[in-house]
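The values are calculated or read from the model by the stated rules, or taken from the named source; none is laboratory data. Everything numeric in this text was worked out from a predicted model, so none of it was measured. Using ideal geometry, Cβ is built from the backbone for each residue, glycine included, and neighbour counts are taken over all protein chains shown.
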């Protein structure tokens, strides 16, 4: 093997070339070696380079001969084929494989990496004894982490937020995105359950960047909300003027968090409403101590009409209201019972008061449904099936007169008028035992005069003594064509206008534990319980034993209908 | 927190100006807690109430100021307070940030950029506490370990000892020489982060070498009297040394082995001490590898948090 050895005695000096022709090139510290490496760390016979045939042609192969490490290109090895550019390190010597000139199979450059006296300094320099030398760059990690947070946390959502939304419409018809966008990372907290569908659609509410959510975002869907103040005058002034939905309705505060439940939301104004212009309000600091007596809207007769006036429940006026009816609750609810069509019957409240569909209240009590089974509208004991229509005095007069005229002429009771809204009752419908008609004599010598007289008697009986008179006030001073006038009856209305009382939430209570119906003798009696009755069970939030009750347990906020937003109404607009 | 022995030297910044910044920080926390308890917003405590905005603004300002320490400590010419004072304020105000930020968010957490900012802030503060603990414990141990000497002197001595052992080993069998050279080459002083942190040791190699040498010594002692010479087993130098010491080459080698063992023991002890020293210094600084990068991560999360809450106001 012909080898050309370039030896560089010291850095910068020209290389001296030594051609060698040997079967094996021996490297070591021993004096018998071909390449002498005077370093104590090099073995006497450290390594040998021999020519070898391989698939790629002839190559030089280096083989470690001692058990000392052989470093080629920074890798420790026991032997390897040499390629051009390979660097073999032996102690402080370095052998580099060069491209061989013609006539040589191998060219090696031998140099000292550092002089013997420099070695220690070089070694010292190569030691990594400080944390700053381990290649962990604080600065690199810092900027890396900075970008790792900034790109997904700010830049991607920002880019996404600039994209046009799936739907620009703010209404219930809005097309929702199919999945979350990058801006989901910005979601500061779960939306309220009602808005949960908008979880992936930030722009459904956040329309303008860097602008607070406006009322338009809310009213796009919630278009039929009432206002809080009852009059435009009040609603147009502070604190209502300029108020925004988001002042009270704070989103991203959890599934149940959208409507403020704290009493402070109400009492911040209502505790001291004196300085609120235009509002005639009583101060309310809490429920337990300072809530005023309930305001009841009670009927008052005004001529032939009724008007509803508001009275505080603790005033004497609030003890009664005009109904136009006679109805003693105590008599009907007597525990001994009351005579009914099937004999003695003990009535319960729900005999007449039927809960409505959601059981929050009751259906109106109706003559036909609730009264007529006992209170039959017949007028002649001999013809108990002949009943009069309810609520039409002129018809009653005509029917009774016609009945007796027909009887006088034909001797046969006329058939019931078809299509007449009479009260249907069973054939064994009850007659009051003291009813004189039961013993009325059979008509003899029937004439028109007889019929007139008989009708007159029956009508007086119906209107002035019995049938109508049991329940209604009847006056007889009407014009001749409508002599009997039934006093008007007030249509039932909810007395508590400012609150909602859910009967269903109180279904475990007896009716009479709140309503003193069992002792009420007159229909004029107002049977609503007062606030002290509520306070037996309900207390403020934080109460020790009472059921915690917030303002919103009974009261709503958007309770007064205003057809247009306050801001768009002229100041002088009349209250609707 | 600080033991009296070390705090005076290395944790002096904690007592700076009569705990001035500790008091400021405590006052800040107490005010924030009082305001939080007194303030009862209708929608519950959160970052969007006026107190939430106030505490958030304070927290953001604090974070930016605390980050500024990284800049300030490099400005040796600055006359705006001492680095000691800045460090004191940095530590105490940094700790108060936990209270301020927690009250700012009103204990609302979620899988979002806002909670990421909070978590990063907690991690930064936690790594800062780690740093204080490190500065409390480690300097005393370093002082004790060094015992008046320096690491540089030890390193020089290790180099000397290495050269001596190689020279000595060169007079012995090639096997011993190879092992000694390999041992000197493999010697680990410091190294990678893990090696510095754990205190790199070559105990396995050292033990194997010791065993080899001791066995050789035993063999030589046993062979005394029946000296046979195997030219293939011994180097020329040893052979010549053996020739020169006609009295008994085995005894001469046994003496060398003994010297070698002494040198190696001294060297290995020094290496272990240097590595322990490196380890202690690494642990004194390691917290910064977390504290500084996470601070920058926190800065990014803070920017994203502030921009996002006002972008989607």
Margin query: Taking the condition of being touching a strand residue (DSSP E or B) at 6+ places or on another chain (Cβ under 7 Å) and closer than 28 Å to residue A:196 by Cα, how many residues in the range A:229-262 meet it?
Written below: 0
Next item on the list: Could you check how many residues of the range A:252-271 are more than 9 Å from chain B (Cβ to nearest Cβ), outside any helix (DSSP H, G or I) and modelled with pLDDT of 85 or more?
Entry: 1
Next item on the list: Enumerate the pairs (first residue in the range B:274-286 and within 7 Å of chain A (Cβ to nearest Cβ) and more than 21 Å from residue B:159 (Cβ to Cβ); second residue anywhere and at pLDDT below 85 and outside any helix (DSSP H, G or I)) with beta-carbon separation below 9 Å, excluding pairs fewer than 6 apart on the same chain, so at least 6 apart or on different chains.
Entry: B:282/A:130; B:282/A:134; B:282/B:190; B:282/B:199; B:285/A:130
Item checked: Top-ranked residue of the range A:115-132 - restricted to ones that are within 30 Å of residue B:286 (Cα to Cα) and assigned to a loop (DSSP other than H, G, I, E, B), ranked as farthest from the other protein chains (Cβ to nearest Cβ) -> A:130
Check: Any residue at all in the range A:197-204 that is modelled with pLDDT of 85 or more, surrounded by fewer than 16 Cβ atoms within 10 Å (Cβ to Cβ) and within 23 Å of the chain's Cα centre (by Cα)?
Finding: yes
Margin query: Which count do you get for residues in the range B:172-184 that are more than 10 Å from every other protein chain (Cβ to nearest Cβ) and crowded, with 18+ Cβ neighbours inside 10 Å?
Written below: 3
Next item on the list: Kindly indicate whether any position in the range A:441-452 is farther than 30 Å from residue A:488 by Cα and modelled with pLDDT of 85 or more.
Entry: yes
Item checked: Count - residues of the range B:31-62 that are more than 14 Å from chain A (Cβ to nearest Cβ) and closer than 28 Å to residue A:260 by Cα -> 12
Note to self: Quick test of your reading of the structure: residue A:325 fulfils all but one of (1) closer than 19 Å to residue A:520 by Cβ; (2) touching a helix residue (DSSP H, G or I) at 6+ places or on another chain (Cβ under 8 Å). Name the failing condition by number.
What the structure shows: (2)
Notebook entry, point to check: Tell me, which residue of the range A:337-377 that is more than 47 Å from the chain's Cα centre (by Cα) and without any contact (Cβ under 8 Å) to a residue 40 or more places away in the chain is nearest to residue A:462 (Cα to Cα)?
Noted result: A:338
Margin query: Being modelled with pLDDT of 75 or more and more than 7 Å from every other protein chain (Cβ to nearest Cβ) is the filter here; which residues of the range B:185-210 pass it?
Written below: B:187, B:188, B:194, B:195, B:197, B:198
Notebook entry, point to check: Restricting attention to the range A:148-157, and to residues there that are closer than 12 Å to residue B:303 by Cα and facing another protein chain (nearest Cβ under 7 Å), which single residue is surrounded by the fewest Cβ atoms within 10 Å (Cβ to Cβ)?
Noted result: A:150
Note to self: Would you confirm, using the coordinates I've provided, whether residue B:163 is within 11 Å of chain A (Cβ to nearest Cβ) and part of a helix (DSSP H, G or I)?
What the structure shows: yes
Item checked: Residue in the range A:133-143 that is farthest from the other protein chains (Cβ to nearest Cβ), counting only those that are out of contact with any helix residue (DSSP H, G or I) (no Cβ under 7 Å at 6 or more places or on another chain) and surrounded by 13 or more Cβ atoms within 10 Å (Cβ to Cβ) -> A:137
Notebook entry, point to check: When the range A:59-114 is examined, which residues are found to be within 14 Å of another protein chain (Cβ to nearest Cβ) and under 20 Å from residue A:1 (Cβ atoms)?
Noted result: A:64, A:65, A:70, A:90
Checklist line | Scope the range A:507-517; condition more than 14 Å from residue A:353 (Cβ to Cβ) and surrounded by 14 or more Cβ atoms within 10 Å (Cβ to Cβ); matching residues | finding: A:516
Note to self: Going by what's in this entry, would residue A:83 be described as over 60 Å from the mean Cα position of the chain (by Cα), without any contact (Cβ under 8 Å) to a residue 12 or more places away in the chain and surrounded by fewer than 16 Cβ atoms within 10 Å (Cβ to Cβ)?
What the structure shows: no
Notebook entry, point to check: Among the listed residues A:58, A:66, A:43, A:11, which satisfies the condition of being more than 30 Å from residue B:176 (Cβ to Cβ) and either part of a strand (DSSP E or B) or touching a helix residue (DSSP H, G or I) at 6+ places or on another chain (Cβ under 8 Å) (or both)?
Noted result: A:58
Next item on the list: Scan the range A:172-191 residue by residue and report those that are away from every other protein chain (no Cβ under 11 Å) and buried (at least 18 other Cβ atoms within 10 Å of the Cβ).
Entry: A:174, A:181, A:191
Margin query: Quick check on the range B:182-196. Is at least one of its residues assigned to a helix (DSSP H, G or I), in contact with a strand residue (DSSP E or B) (Cβ under 7 Å, 6 or more places away or on another chain) and more than 30 Å from residue B:45 (Cβ to Cβ)?
Written below: yes
Next item on the list: Quickly run through the range A:164-185 and pick out the residues that are closer than 27 Å to residue B:297 by Cβ and outside any helix (DSSP H, G or I).
Entry: A:180, A:181
Checklist line | Condition check for residue A:529: modelled with pLDDT under 90 and either assigned to a loop (DSSP other than H, G, I, E, B) or touching a helix residue (DSSP H, G or I) at 6+ places or on another chain (Cβ under 7 Å) (or both) | finding: no
Next item on the list: Of the conditions (1) under 31 Å from the mean Cα position of the chain (by Cα); (2) within 14 Å of another protein chain (Cβ to nearest Cβ); (3) over 25 Å from residue A:147 (Cα atoms), residue B:107 clears all except one; give me its number.
Entry: (1)
Item checked: Hey, residue A:302 modelled with pLDDT of 85 or more, over 19 Å from residue A:467 (Cα atoms) and surrounded by fewer than 15 Cβ atoms within 10 Å (Cβ to Cβ) or not -> yes
Next item on the list: Go through the range A:302-331 residue by residue and tally those that are out of contact with any strand residue (DSSP E or B) (no Cβ under 8 Å at 6 or more places or on another chain) and not in a loop (DSSP other than H, G, I, E, B).
Entry: 4
